[in-house]
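Structure first, commentary second.
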Amino acid sequence: MIELKDVTKHYGTVPAVQELSFRGESGRITGIIGPNGAGKTTTIRMIMNIIAPDSGTILFDGRTLTDDDMEHIGYLPEERGLYRKEKVHDLLLYLGRLKGRDTDMLDTAIDRWLALFDLSEWKERKVEELSKGMAQKVQFISSVIHDPDIIILDEPFSGLDPVSTDRMREIIMDLSAQGKTILFSTHIMEQAEKICDTILLLNRGKAILNGPIQEIRRTAGGNSLIIEFSGDASFIRDLPQVEKMIEYPRYLEVLLAENADTDALFSSLAGKLSIRRYELSSPSLHSLFVSRVSEKEAEDA
């Protein structure tokens with residue numbers, strides 16, 4: 001388990017993280033989400049002991065985090081940091097040895113992980129020969145090859161095709177089921193919604209949402225309408241029942257005005273769109289993200 005208590009970090013006079021408290025628990029995936037400059041990277045760097053907080057405490061299994069604890073943490077950064085001239089096996093062996101693991105254990109783990117990602121035939125090939133997606137898989141393997149208790153993933157699906165994305169998601173969820181503490185940083189809300197148990201939404205260094213994702217959505221209320229359709233739906237934005245409309249490639253999410261009559265809204269759509277889905281639900285994580293960040297910026301202004 002990893003826990004932050006009232007952690008603050010400034011760069012000069014600019015606050016990057018402000019009195020941040022949250023907990024990543026064993027067997028759960030915690031999503032750290034927020035716009036650019038929200039404080040996600042700074043938070044991760046403090047957990048990794050790359051930079052120190054100005055104040056507050058970071059705990060590992062209930063005690064103050066130390067350099068020795070880094071052997072029990074795996075980190076997949078957003079930027080690739082692989083040695084391009086090294087062979088895949090040699091690179092993974094080297095990185096695992098840096099974490100204090102012995103060669104026999106690592107050789108077995110390397111073979112198992114490469115097989116999981118269908119990369120066994122690339123074991124003796126140089127990193128520079130890998131495709132972008134393959135390199136992302138190898139970098140992921142490098143973050144878990146030493147069997148860490150805490151796994152920090154920053155945009156782990158970057159560069160992956162849909163099949164590889166699904167495979168990566170399955171593996172991350174399996175690691176969570178094994179009792180690993182997983183922190184998952186992303187700006188893509190659909191990914192966070194599919195994989196995370198809890199979320200931490202940051203904006204300008206402050207937590208504006210923090211808790212189990214289902215509880216957050218339930219508390220927000222059932223004021224969101226999903227409409228899957230064919231046709232031109234631009235007119236929906238101007239209907240009196242609609243407060244806001246978020247457009248996706250194949251459907252809309254409509255945030256309803258207070259006391260909106262959904263039957264009247266449906267009648268307004270009849271004959272103008274071919275509707276395949278019309279479903280009242282709790283707001284999506286994307287809509288919560290947009291509305292809460294907008295609310296926070298309005299308050300600050």
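Values in this text are rule-based calculations from the coordinates and carry no lab data. None of these values were measured; they are calculated from a predicted model. Don't worry about glycine lacking a Cβ; one is built from the backbone with ideal geometry, like all the others, and counts go over all protein chains shown.
I'd like the antiparallel share, as a percent to the nearest 5, of DSSP beta bridges with both residues in the chain.
If we restrict to bridges inside the chain, about 65 percent are antiparallel.
Rank these for me by crowding, 197, 161, going from fewest to most other beta carbons within 10 Å.
Exposure proxy ranking, most exposed first: 161, 197.
For percent of Cα pairs over 37 Å apart, which listed value, (i) 7; (ii) 26; (iii) 12, comes from the coordinates shown?
It is the one labelled (ii).
Choose one of 246, 66, 92: the residue whose Cα lies farthest towards the positive end of the charge dipole of the chain (beta-carbon charges +1 Lys, Arg; -1 Asp, Glu; about the Cα centre).
My answer, from the dipole projection, is 92.
Under 15 Å Cα-Cα from residue 180, which aspartates and glutamates qualify once same-chain neighbours fewer than 8 residues away are excluded?
3, 25, 61, 69, 71, 147, 149, 170, 197
Ranked highest first by average number of other Cβ atoms within 10 Å, how do 256-268, 44-56 line up? If you can, show how the numbers build up before the last one.
Details: 256-268: 13.4, 44-56: 16.2.
Most protected by this proxy first, the peptides run 44-56, 256-268.
Could you put 248, 278 in order, starting from the residue whose Cβ has the fewest other Cβ atoms within 10 Å? It would help to have the intermediate numbers written out before the result.
On the way: 248 12, 278 16.
Neighbour counts put them in this order, fewest first: 248, 278.
How much of the DSSP bridge set in the range 115-247 is antiparallel, in percent, rounded to the nearest 5?
55 percent
In the structure displayed, which of 5/206; 244/272; 5/194; 5/40 lie more than 22 Å apart, Cα to Cα?
Cα-Cα > 22 Å for 5/194; rest within.
Compute the acute angle (0 to 90°) between the alpha-carbon long axis of helix 162-177 and the principal axis of greatest extent of the alpha-carbon atoms of the chain; round to the nearest 10°.
Tilt relative to the chain: about 70 degrees.
Sort out for me the Cα centre separation of the range 160-203 from the range 24-76, rounded to whole Å.
Taking the Cα centre of each part, the range 160-203 and the range 24-76 sit 17 Å apart.
Ranking 42, 8 by Cβ neighbours within 10 Å, fewest first, what do you get?
Going from least to most buried by this count: 8, 42.
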